[in-house]
Amino acid sequence: MGYPRVRMRRNRRHPWTRRLVGEHRLGVDDLIWPVFVQEGTKARTEVPSMPGVARLSIDLLVQAAREASELGLPAIALFPVVDPEQKSPNGEEATSPDNLVCRAIRAVKEAKLDLGILCDVALDPFTDHGHDGVLHNGEVDNDATIAVLCQQACVQAAAGCDIVAPSDMMDGRVGAIREALDEKNFSSVSILAYAAKYASAFYGPFRDAIGAASNLGAGGKQSYQMDPANGDEALREIALDIAEGADMIMVKPGLPYLDIVRRAKDRFGMPTFAYQVSGEYAMLKAAAKAGALDWERTLLESLLCFKRAGADAILTYAAIEAARLLEKE
Ligand code: PBG
């Protein structure tokens, strides 16, 4: 009698056995591409900390959106790089129907692609202090911020945004935004709640990209974003956002927080998204550049691991590259 009787390796022997027993598969349908939009025409500005990522003017964004759609990506997420003179303490520009992000939405929608558009609802691209809300006595004022976020969500919806994604972590904003959208007859606009968003140092390159890093200075967002030490609290946050009307929920950052993705998926069974954030992208790129990692393989592995953890979709700056690699497979 041979020993051991149970040989796990039998199922791993051939490519075909591995394909048969494979539990999860990454597909282009699972990816959302976050794109930075800037003013100008034919303007493309690299983000130094994120090799391969550039801020695009609206005309180039439309071309990129067409490419994304042709590759089969279901949706893109737009992030505006707002000119410093448009920024203010209360971020009023966020509520202007002609702000950069609204013009970008309209331009992409005019191209009539089968491509969803997702936009952040938060004030940090528009405030001169870099916080996600308005300040009162040096603190981010929850309820005053919500009033502005509701207006911001409505101008985005009016411009044609399909999914508004509050990423600000104010208490009660999902319910207030839902009510504001419904009141203005935007009941078909979805809400993706950045439900469990942590106060993470992995957002560094993003803040460089949108020009919020120096404004924020040493001040952190710990008074509204979650403590990385906490897991149970994430479930309470997510439960609240679902009760307030979120259509989908997100966990952010991604890889260091896969335990939260799994717990959220198991507990709520909601469409659950995860964000492979700027710092995660930068880490992989830097390691690949240094010759320490294989970029293509580590990228696809990391994205597959999101799926295994329970994510239905993943926001990644490498969505275009990943889609091309998946096409080849
Ligand atoms: C803004 C926002 C941030 C990210 C998405 N929306 C940064 C922050 O909260 O400071 C981070 C994305 C990334 O790092 O890729 N509310």
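Taking amide H as placed 1.01 Å from N in the peptide plane, Ile32 has its amide H under 5 Å from the amide H of Ile314, Leu315, Thr316, each at least 5 places away in sequence or on another chain. Which log10 I(q)/I(0) values does the chain give at q = 0.07, 0.11, 0.12 Å⁻¹ under the Debye formula, counting every alpha carbon as one identical point scatterer? Debye output, listed in q order: -0.28, -0.68, -0.81. Rounded to the nearest 10 square angstrom, Glu139 shows an accessible area of 130 square angstrom against a 1.4 Å probe. Of all DSSP-defined beta bridges confined to segment 25-249, some 20% are antiparallel rather than parallel.
Helix 173-183 axis versus longest C-alpha principal axis of the chain: approximately 70°, rounded to the nearest ten.
Converting phi to 3J(HN,Hα) with the Karplus coefficients 6.51, -1.76 and 1.60 and the offset θ = phi - 60°, segment 313-325 yields 8, 10, 8, 8, 5, 9, 4, 5, 4, 5, 4, 5, 5 Hz in sequence order, with x at every glycine or proline. Taking amide H atoms as placed 1.01 Å from N in the peptide plane, the amide H of Ala199 lies under 5 Å from those of Met226, Asp227, each 5 or more residues away in sequence or on another chain.
Measuring r between the beta carbons of Ala287 and Arg12 and using R0 = 30 Å, the FRET efficiency lands at 0.65. Quick one: which residues, 5+ away or cross-chain, put their amide H under 5 Å from the amide H of Glu39? H built at 1.01 Å from N. Distant-sequence amide H within range of Glu39: zero hits. A simple rule links phi to the HN-Hα coupling: the Karplus curve 6.51 cos²θ - 1.76 cosθ + 1.60 with θ = phi - 60°, which for segment 91-102 gives x, 3, 4, 4, 9, 7, x, 10, 5, 3, 5, 5 Hz, with x for Gly and Pro.
On a per residue basis, the convex hull of the C-alpha atoms belonging to segment 1-123 measures out at 184 Å³. Applying the Karplus relation 6.51 cos²θ - 1.76 cosθ + 1.60 with θ = phi - 60° to segment 243-259 yields 3J(HN,Hα) values of 4, 7, x, 5, 8, 8, 10, 10, 10, 7, x, x, 3, x, 10, 5, 4 Hz, where x marks Gly and Pro. If the cut-off is 18 Å between C-alpha atoms, which lysines fall inside it for Lys112, apart from same-chain ones fewer than 8 positions away? Straight-distance partners of Lys112: none at all.
The values are calculated or read from the model by the stated rules, or taken from the named source; none is laboratory data. Source: prediction; values computed, not measured. Backbone-built Cβ (ideal geometry, glycine too); neighbour counts: all protein chains shown. Keep in mind that these areas ignore ligands, DNA and RNA; they rest on the heavy atoms of the full protein, side chains included. Shrake-Rupley method; radii C 1.70, N 1.55, O 1.52, S 1.80 Å.
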